[in-house]
Amino acid sequence: MPLPYRPLTILALPLLAALAVVGFACGGDSGDTLTIYSGRSDELVGPLLEQFADETGIDVRVKYGDTGEMAATILEEGGNSPADVFFAQDAGALGALDAEGRLVALPQELLDRVDEAFRSPNGRWVGASGRARVVAYNTDAVSAGELPDSILDFTDPEWEGRIGWAPTNGSFQAFVTALRLIEGEDAARAWLEGVKANDPTDYTSNDLALQGVIDGEVDVAFVNHYYLFRMKAEQGEDIPAANHYTSAGDAGALINVAGVAILDTAGDGDLAERFIDFLLSNEAQAYFADETYEYPLIDGVQVQASLVPLAELEPPSIDLGGLSDLEGTLDLLRDTGVLP
């Protein structure tokens, strides 16, 4: 069952007017306050953070916004940042803050709950949930056997006018960053130029790209795996769409993570560690599996039955924290005309 969701208290909006800040009423009166900067949306994780506040009695203050904007805000605020914890939508933003020396080492006990592939090599951030890149396709227009094994093959002219993508979306940009690391700058440029030559349809979000597949506007779209399951929950199991996973080690098989880190401005590291401990608990991991259709990252928590098990996926072997060069990716997207 979904966790209960209650109206939240709206607080003042510091620094960036576009960022939403909310506070959660506590079940107790500990006097402790934890400030979380979240690149994950209120809609996705708000109920979970509220549950943490209720169970612990901690006064949880959350500032929501785009992951890249949140990371930039933390850097701009410097040592004056009120943030204790950064809960990021992707590992690249965590890697960027780590490179600037803004993260502190996490206890080994917390790190050890998650496979090494989904946490920082130097122990300064840890994944909380996993998201696989897939090619969503319209099952009325395309058979599974027609889909290529590699994301690189979508530059073939046979896909002209049939592709949807969301170039402004953070997860797409993280994928392009991974493509640059795996295949090199020249190959990433060639792929972007090749897909662009196939006249893809631009969407502003993964949701809209997948809806374009369902509505028959495009035959395929490059998205994360969980959008299909959310759409099925909203529109019914019989929507004409399915997920295609590219072959083992392919850049298109990237598994990124939403992750969490303690900032060097944390006022009380123990509170921050309690929050990470909660995110890596069976209860919170089951929430990611059941409510957001993501992959839990600790042992013993079942994924949705309709998902390909994480152990069966073979993503490319890269340091997810190395996906931090967003500016280089944005430059490449602009140079190729994918972004204006």
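Residue-wise test of (1) outside any loop (DSSP other than H, G, I, E, B); (2) crowded, with 19+ Cβ neighbours inside 10 Å; (3) not assigned by TED's automatic domain parsing to the domain that holds A53; (4) not acidic (D, E).
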site	(1), (2), (3), (4)
R274	yes, no, no, yes
Q285	yes, yes, no, yes
A289	yes, no, no, yes
S306	no, no, no, yes
A311	yes, no, no, yes
T329	yes, yes, yes, yes
P340	no, no, yes, yes
Could you check region 226-251 and list, in sequence order, the residues that are among the β-branched types (V, I, T) and either in contact with a Ser or Thr (Cβ under 8 Å, 6 or more places away or on another chain) or under 21 Å from S129 (Cβ atoms) (or both)? T246
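From the list A128, A132, which residue is within 19 Å of the chain's Cα centre (by Cα), outside any helix (DSSP H, G or I) and under 19 Å from L271 (Cβ atoms)?
Values: A132 fails: under 19 Å from L271 (Cβ atoms).
Being within 19 Å of the chain's Cα centre (by Cα), outside any helix (DSSP H, G or I) and under 19 Å from L271 (Cβ atoms) holds for just one of A128, A132, which is A128.
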Determine which single condition V260 fails, assuming it passes every other condition in (1) of a type outside the set (D, E, K, R); (2) in the same structural domain as P121 (by TED's automatic domain parsing); (3) closer than 29 Å to R124 by Cβ; (4) not in a strand (DSSP E or B). (4)
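Within region 224-245, take every residue that is in a helix (DSSP H, G or I) and surrounded by 14 or more Cβ atoms within 10 Å (Cβ to Cβ) and give me the one that is farthest from the chain's Cα centre (by Cα). Walk me through it before giving the result.
Pass one, region 224-245, residues in a helix (DSSP H, G or I): 226-235.
Narrowing the set further to residues that are surrounded by 14 or more Cβ atoms within 10 Å (Cβ to Cβ) leaves 226-232.
Working: Y226: 11, Y227: 12, L228: 15, F229: 16, R230: 15, M231: 17, K232: 20 Å.
Among them, the one singled out is K232.
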Would you check if there is a residue in region 199-212 being part of a helix (DSSP H, G or I) and more than 19 Å from the chain's Cα centre (by Cα)? yes
Is it the case that L271 is in contact with a Phe, Trp or Tyr (Cβ under 8 Å, 6 or more places away or on another chain) and either aliphatic (A, V, I, L, M) or in contact (Cβ under 8 Å) with a residue 24 or more places away in the chain (or both)? no
Condition set among the hydroxyl-bearing types (S, T, Y) and in a helix (DSSP H, G or I), scope region 164-198, selection modelled with the highest pLDDT: answer is T177
Going by what's in this entry, would N169 be described as surrounded by 15 or more Cβ atoms within 10 Å (Cβ to Cβ) and either of a type in the set (G, A, S) or within 21 Å of the chain's Cα centre (by Cα) (or both)? yes
Residue that is within 24 Å of the chain's Cα centre (by Cα) and touching a residue at least 24 places away in the same chain (Cβ under 8 Å), where the choices are A141, A105, A91: A91
Here are some residues: G161, G123, G145. Which one is of a type in the set (G, A, S), part of a loop (DSSP other than H, G, I, E, B) and not assigned by TED's automatic domain parsing to the domain that holds I298? G161
Are any residues in region 313-327 buried (at least 18 other Cβ atoms within 10 Å of the Cβ) and among the small types (G, A, S), and if so, which ones? G321, S324
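The values are calculated or read from the model by the stated rules, or taken from the named source; none is laboratory data. For clarity, every value in this text was computed on a predicted model and none was experimentally measured. All Cβ positions, even for glycine, are placed from backbone atoms using ideal geometry, and neighbour counts span all protein chains on display.
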